[in-house]
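Here is the structure we will look at, set down as structure tokens.
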Amino acid sequence: MKRKNNQLPELPPQAKHHMGIKARNAISNTFIHILLVIITIIWLVPFVCIILQSFRVESTHMVGYVIPKDWGLDNYIALFDTDFPKWYINTLVTAIITALLQTVIVLCMSYTLSRFRFKGRKLLMRFMLILGMFPGMLTMIILYRVLKDIGMTEANAVPGLILVYIASSGMGYYVSKGFFDTIPKSLDEAARIDGATRFQILTKVILPLAKPIVIYTILTAFMAPWGDFVFARYVSMNVSSGMNVAVGLFSWLNKDMIDGRYTMFCAAGVLVALPVALLFIFLQKYYVEGVTGGAVKG
Amino acid sequence: MASVKLTNVKKVYDKKVVAVSDFNLEIADKEFVVFVGPSGCGKSTTLRMIAGLEEITDGTIEIDGVVVNDLQPKDRNIAMVFQNYALYPHMTVYDNIAFSLRIKKLPEDEIYQKVTHAAEVLGISEYLLRKPRALSGGQRQRVAIGRAMVRDSKVFLMDEPLSNLDAKLRNQMRAEIILLREQLDTTFVYVTHDQTEAMTLGDRIVIMKDGYVQQIGTPEEVFEKPENLFVAEFIGAPKMNIMKTQLLIENGKYYVTPFGSKIEVDGENGALLKEKEIKGGEIILGVRPEHIVLADESAENTINGSVMVNEMMGSELHLHIKTEDGTKIIARTPTVNLSHEERFQLKSGHPVHLTFPSKVMYFFDPETEKNLIY
Amino acid sequence: MKKYSDLEYLRLPKWKRFLYAVICFFVGIPGSILGLFKKIGLGIVKFLTGIKNEFVDIGTTFTNGDWKTKVSFFIMGFGNIARGQILRGLLFFIFEVVFIVYMIFAGSYWLSMLPSLGLRGPEVVYDPIYDAYVTEYFDNSFKILLYGVLTLFFIIALIYTWRINIKQNKISEQIIRSGKKLRSGKDDLRSLVDDQFHKTLLALPLTGIIVFTMMPIVFMILVAFTNYDGAHNGFSNNLFTWVGLDNFNSLLSWSNGEVSYAATFGEVLTWTLIWAFFATFTNYFLGMLVAMMINKKGIRIKKFWRTCLVFTIAVPQFISLLYVSKMFANNGLINGFLLNLGLIEKALPFWTDTTWARITVIIINIWIGIPYLMLIATGILMNIPKDLYESAKVDGAGPFMQYTKITLPYMLFVTGPYLLTSFTSNMNNFNVIYLLTGGAPTSTLPSPGGNLGDTDLLITWLFKLTTFEEAKYYMASVIGILVFIVVAIISLVVYNLLPSTKNEEDFQ
């Protein structure tokens, strides 16, 4: 017995190939690097194509090749003869106002549901969960009619859109409530003992700590209006001056327009995507914090 | 500076879980009272009710003669130190301590005076511009205390303030809290699960279990005259040895018979048993480890056993001893009394003979677990 | 089924343990569904006893109350004003006055028309002044339904406020009897930024949700029981009216002769579920894989890879998806590229063949969806305690074992609820389908209208039903309700079976 104890213990399987670990790791890492390069190319190809096509000036319709034969800024210049600048401003205004107001509402909602224990709180959350199971698309019909009655459609679509975006934004409290839940409650309690009112606790203690989620909320609220072509199309009702970029550009790709407007669509797409994407990439860190928090909290 | 009075205080969660029941206590001005008990006994809940962080289901709490049941924490004029410190992570140490003063809208000059004074007392002056993240556990604890200090409040509440610190730091901070108390000269309510902290800090100790108060008394009282088995076991380390045994009465003398031995109960305890007319029969006998004596040889009044584990603590040995029927008894023996040889002998398996004088015995009713003589 | 004790279970071979777990799961389903019904039943009982108690309380408040309380039963806020709480009392009183005025001048009309949805449609009449026939418009079914619902909400709000008003009288009396002081209007206002701060914070968001989400949903549920469509728009052509369950009948029953859409609905629902399943799980596993690849020790420029992938989130979908849709068109880039290389002889039918189209949308959805999952998985993977892996390595587990024994169970546990919501939101993933295919290729199945396609989900079908000229709003509503029912059932069942139905307070 004693002798056996003096022998080396049996090695775990992978340690037997001790010398091979480094080499194997290097091989698998090289393999993964190659795979990542391929994935990245696949992911970026469509975007590169859009950019390249937007500089194509020899023809305006869809073609089966990528690299333009003649390069130029014609497509971008031509955009200014269309309603595109108007759409762009419409969308920008909508996005900025929505982002600000929606953030306020979402924060009010999520802070309350995270921090206060009032009667009916659970009921309220369950109720909103159930409301959220109805396809939101259904409500468009009536919202459109109501907006039309108060004169917020067609050319006046922008205020109407903003109103509707903001009004139901309280439903999207979930992610930021998850974030608020991670801020220790003892901070609130300490502040209450220190004499702060609930309002002061929110502004002086919680909000400074919730910076990531505030930015996340602003960012997502800002990005949403750029992509809405369903309700926005309903509300603008074919009146060009009330359209946002999505609705306007969408119409360029229907059968009658596509041949003349395809490269211009690409150019407009670049102009729309550029600021939004840059903003997103720039604030990526906060988006990740928000989206992870929300998913983990379920 | 104020007294605190709790009358029939009760806390029920969700209409079913009873956290605290029938809590009655009067805390005198400038008194240091410690709530102690195992986790879930309701001590923190009681403290939080005094602070106003939990609603009071029933009963009243008065601070300085004013019923505070419906007052917000900020209107009760209390200060509190939290277990996890609850420092505002985005503020510097200075801003943390100044927070409550700014809420009160004191002039910046006065705030400066108060904060720097508190920092000096606590020895954190050089960290005033750091964020809590950059501080060690002990420093954070000091900031938390500083934040409570500057408020000049009537009552100082502390919720397990030392339990997040390591053992060495805890001893050091315990001593500092004693000093702090002398400086502040205010009423303290302190919650802990650690009986050592309770014994060393408190003027009076409130021992709780399952929401009920078990005993209220000075450290000496709860140590020497525990009202029931729970208190007896909870106070003192290692905990008291408990033996189910018979109480015999022969010729007007009381005897206990643990593990086949027969030890006479004489002196004061014997007199008290007689005075209370305790009848013979089954009882629970308690003896603290430090009162168990090693006898040289087996006799009628010794319990025979053998050493299981010998823990060398430096100034004393903790002997875990197995009696003949397999029950475990712990004895604390000062090393001073033992020769080097004896110490060497007390290894696992070594036979030992234990005994104890009657003045260190505790007697409990096996049914009610109440102390029979106090 | 045999139940194993813990010790017996430990002696079972691995596959039997697995089998046992599976059997337990399925055996547990009826129980948990039964439990669900029990819960619902208990909820109903609780609700009814609650209502009973309310009535009892109202009664005793009246009989035991003083005269101020009794008057408050009829004049809301009277008790508050009489006891010195002017502000509260005035608010109650004003609310009552507004309600009465509204009911007299408008509410009663809308309410009375609600059962019929309008009696007199547009009529062509001779106008002597202009000497011509003009159309005159009378009742408006749409408005009747809308304002009828609104009035009902108003009545409910009044009843609720009235109840609060009575409760407050009772409480005030108690407070006065115990010799304490009532809160003044100033106290009330101050408490709105302190202990009643939640009311202030919720007021605006909840109003928005009630008016712009809840009421429209109630309205559209009601539409499902009418014949509201393009030909009966309730005002300018024909009134619409209640038709009971006819719409459900024509969508769901097989025995309805020519106009049965049951087969269509079944087909679309099946495809919706298949789509949601693949869209969720392909993204989930591939996203996790990509996240693990990027997170692996020794991989360089991690941030660069992540940023590149994240472009599909950053660029608005209508640009990226529309463009990709054109790339895959018969005359698009992909086909052009392959034709030029001579790999194929005629264009691949990406959007023109049903199977091709369905597979293509799932694949392109991977392109859109992986980055989200990658971000989420990255965060979670970093949270898995390192010592789990270390102890697994010491026990001799290889990378694959580590994945199946640690990473995957941990991920599944933590993201269980996320998977559920992701499944249901994929069922309603309008953007991907609508932008990529628009539903194409055209379906051969009968549809109430709207040019149904083979890649259409329930949600895009619903949308199409509301947009063409003879919009079948009632059918869209029926489909919306059915989508709700499907989503609710899936959520309820899955949520009750999830191991990680977590307690919210655990995190705090």
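Is it true that B:GLU227 is among the acidic types (Asp, Glu) and either at pLDDT 90 or above or within 15 Å of B:MET361 (Cβ to Cβ) (or both)? Answer is yes for this residue. Only one of the numbered conditions (1) facing another protein chain (nearest Cβ under 10 Å); (2) within 26 Å of A:LEU52 (Cβ to Cβ) is violated by A:ARG233, and that is (2). A count restricted to region C:1-36 and to residues that are among the basic types (Lys, Arg) and touching a Phe, Trp or Tyr at 6+ places or on another chain (Cβ under 8 Å) stands at 1. Yes or no: region C:170-184 includes at least one residue that is part of a helix (DSSP H, G or I), among the hydrophobic types (A, V, I, L, M, F, W, C), over 17 Å from A:PHE127 (Cα atoms) and in contact (Cβ under 8 Å) with a residue 60 or more places away in the chain. So far as region C:170-184 goes, yes, one or more of its residues are part of a helix (DSSP H, G or I), among the hydrophobic types (A, V, I, L, M, F, W, C), over 17 Å from A:PHE127 (Cα atoms) and in contact (Cβ under 8 Å) with a residue 60 or more places away in the chain. Among the residues of region B:26-45, are any in a strand (DSSP E or B), at positive phi and touching a residue at least 40 places away in the same chain (Cβ under 8 Å)? No; the residues of region B:26-45 include none that is in a strand (DSSP E or B), at positive phi and touching a residue at least 40 places away in the same chain (Cβ under 8 Å). Restricting region C:300-341 to residues that are within 8 Å of chain A (Cβ to nearest Cβ) and polar (S, T, N, Q) leaves a set whose member that is farthest from C:ALA357 (Cα to Cα) is C:THR307. Any residue that is in a helix (DSSP H, G or I), farther than 21 Å from B:LYS279 by Cβ and touching a residue at least 40 places away in the same chain (Cβ under 8 Å) - is there at least one of those in region B:234-257? Yes: one or more hits. Within the set A:LYS211, A:LYS185, the sole residue that is charged (D, E, K, R), more than 8 Å from chain B (Cβ to nearest Cβ) and either closer than 22 Å to C:ASN429 by Cβ or more than 26 Å from the chain's Cα centre (by Cα) (or both) turns out to be A:LYS185.
Scanning region C:355-374 for residues that are touching a Leu at 6+ places or on another chain (Cβ under 9 Å) and within 11 Å of another protein chain (Cβ to nearest Cβ), which turns out nearest to C:LEU436 (Cα to Cα)? Can you show your working first?
Quick first cut of region C:355-374, residues touching a Leu at 6+ places or on another chain (Cβ under 9 Å) only: C:356-357, C:360-361, C:364-366, C:368-371, C:373-374.
In the following step, the residues that additionally are within 11 Å of another protein chain (Cβ to nearest Cβ) were identified as C:364, C:366, C:368, C:370-371, C:373-374.
Working: C:ILE364: 9, C:ILE366: 13, C:ILE368: 12, C:ILE370: 17, C:PRO371: 19, C:LEU373: 21, C:MET374: 23 Å.
Per the criteria, the residue is C:ILE364.
Listed here are the residues, each with its yes/no results for (1) in a loop (DSSP other than H, G, I, E, B); (2) free of Cβ contacts under 8 Å to residues at least 12 places away in the same chain.
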| position | (1), (2) |
| --- | --- |
| C:TRP305 | no, yes |
| C:LEU309 | no, no |
| C:ILE313 | no, no |
| C:ILE319 | no, yes |
| C:ASN330 | yes, no |
| C:LEU338 | no, yes |
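Residue under question is B:PRO226, and the condition is that it be closer than 22 Å to B:GLN195 by Cα and surrounded by 14 or more Cβ atoms within 10 Å (Cβ to Cβ); does it hold? Yes: the conditions hold for B:PRO226. Checking each residue of region B:293-301 against the condition of being of a type in the set (Gly, Ala, Ser) and touching a Ser or Thr at 6+ places or on another chain (Cβ under 6 Å) gives at least one match. For region A:265-273, the count of residues that are outside any helix (DSSP H, G or I), without any contact (Cβ under 8 Å) to a residue 40 or more places away in the chain and either polar (S, T, N, Q) or in the same structural domain as A:LYS86 (by TED's automatic domain parsing) (or both) is zero. Considering region A:193-204, and only residues there that are more than 24 Å from A:MET125 (Cβ to Cβ) and surrounded by fewer than 23 Cβ atoms within 10 Å (Cβ to Cβ), the residue that is farthest from the other protein chains (Cβ to nearest Cβ) turns out to be A:THR203. Kindly evaluate C:VAL290 against the criterion of being over 22 Å from C:ILE370 (Cβ atoms) and of a type in the set (A, V, I, L, M, F, W, C). No: the conditions fail for C:VAL290. Taken together, the residues in region B:58-75 that are surrounded by fewer than 20 Cβ atoms within 10 Å (Cβ to Cβ) and of a type outside the set (Gly, Ala, Ser) amount to 11. Taking region C:401-415 as the range and being over 24 Å from C:ARG306 (Cα atoms) and either among the aromatic types (Phe, Trp, Tyr) or facing chain A (nearest Cβ under 8 Å) (or both) as the test, only C:PHE413 passes.
Residue pairs whose Cβ atoms lie under 9 Å apart, sitting 6 or more positions apart in sequence or on different chains, and linking a residue in region A:23-46 that is facing chain C (nearest Cβ under 7 Å) to a partner that is of a type in the set (S, T, N, Q) and assigned to a helix (DSSP H, G or I), are A:TRP43/C:THR312; A:PRO46/C:THR312; A:PRO46/C:SER320.
Flag: A:GLY170 matches the condition of being buried (at least 21 other Cβ atoms within 10 Å of the Cβ), facing another protein chain (nearest Cβ under 7 Å), farther than 30 Å from B:ALA98 by Cβ and not hydrophobic (A, V, I, L, M, F, W, C).
Each row is one residue, and each column tells you yes or no for (1) under 25 Å from A:PRO135 (Cβ atoms); (2) at pLDDT 85 or above; (3) surrounded by fewer than 18 Cβ atoms within 10 Å (Cβ to Cβ); (4) not basic (Lys, Arg).
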| position | (1), (2), (3), (4) |
| --- | --- |
| A:TYR234 | yes, no, no, yes |
| A:MET237 | yes, no, yes, yes |
| A:SER241 | no, yes, yes, yes |
| A:MET257 | no, no, yes, yes |
| A:GLY269 | no, yes, no, yes |
| A:LEU274 | no, yes, yes, yes |
| A:LEU278 | no, yes, yes, yes |
| A:GLY290 | yes, no, no, yes |
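Rundown of residues vs (1) without any contact (Cβ under 8 Å) to a residue 40 or more places away in the chain; (2) facing another protein chain (nearest Cβ under 7 Å); (3) surrounded by fewer than 22 Cβ atoms within 10 Å (Cβ to Cβ), yes/no style:
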position: A:VAL93; (1), (2), (3): no, no, yes
position: A:LEU100; (1), (2), (3): no, no, yes
position: A:VAL106; (1), (2), (3): no, no, no
position: A:GLY132; (1), (2), (3): yes, no, yes
position: A:ALA155; (1), (2), (3): no, no, yes
position: A:ILE162; (1), (2), (3): no, no, yes
position: A:GLY178; (1), (2), (3): no, no, no
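Every residue, every condition in (1) buried (at least 20 other Cβ atoms within 10 Å of the Cβ); (2) more than 26 Å from the chain's Cα centre (by Cα), yes or no:
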{"site": "C:ILE362", "(1), (2)": "no, no"}
{"site": "C:ILE366", "(1), (2)": "no, no"}
{"site": "C:THR378", "(1), (2)": "yes, yes"}
{"site": "C:LEU381", "(1), (2)": "no, yes"}
{"site": "C:ASP395", "(1), (2)": "no, yes"}
{"site": "C:PHE400", "(1), (2)": "no, yes"}
{"site": "C:TYR403", "(1), (2)": "no, yes"}
{"site": "C:LEU408", "(1), (2)": "no, yes"}
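When the residues of region C:225-240 are narrowed to those that are small (Gly, Ala, Ser) and surrounded by fewer than 18 Cβ atoms within 10 Å (Cβ to Cβ), which ends up nearest to C:VAL134 (Cα to Cα)? Checking each candidate, the answer is C:SER236. Filtering region B:117-136 to residues that are surrounded by 14 or more Cβ atoms within 10 Å (Cβ to Cβ) and assigned to a helix (DSSP H, G or I) leaves B:HIS117, B:ALA118, B:ALA119, B:VAL121, B:LEU122, B:SER125, B:TYR127, B:PRO132. Of C:VAL243, C:VAL290, all but one fail to be more than 21 Å from A:PRO135 (Cα to Cα), in contact with a strand residue (DSSP E or B) (Cβ under 7 Å, 6 or more places away or on another chain) and either at pLDDT 90 or above or surrounded by fewer than 17 Cβ atoms within 10 Å (Cβ to Cβ) (or both); the exception is C:VAL243. Restricting the search to helices (runs of 4 or more DSSP H) fully inside region C:366-434 and requiring at least 1 residues that are closer than 21 Å to A:GLY136 by Cβ and free of Cβ contacts under 8 Å to residues at least 24 places away in the same chain gives C:408-427.
The values are calculated or read from the model by the stated rules, or taken from the named source; none is laboratory data. All figures in this text were calculated on a predicted structure; none of them were measured in a lab. Neighbour counts run over all protein chains shown; Cβ positions are idealised from the backbone, glycine included.
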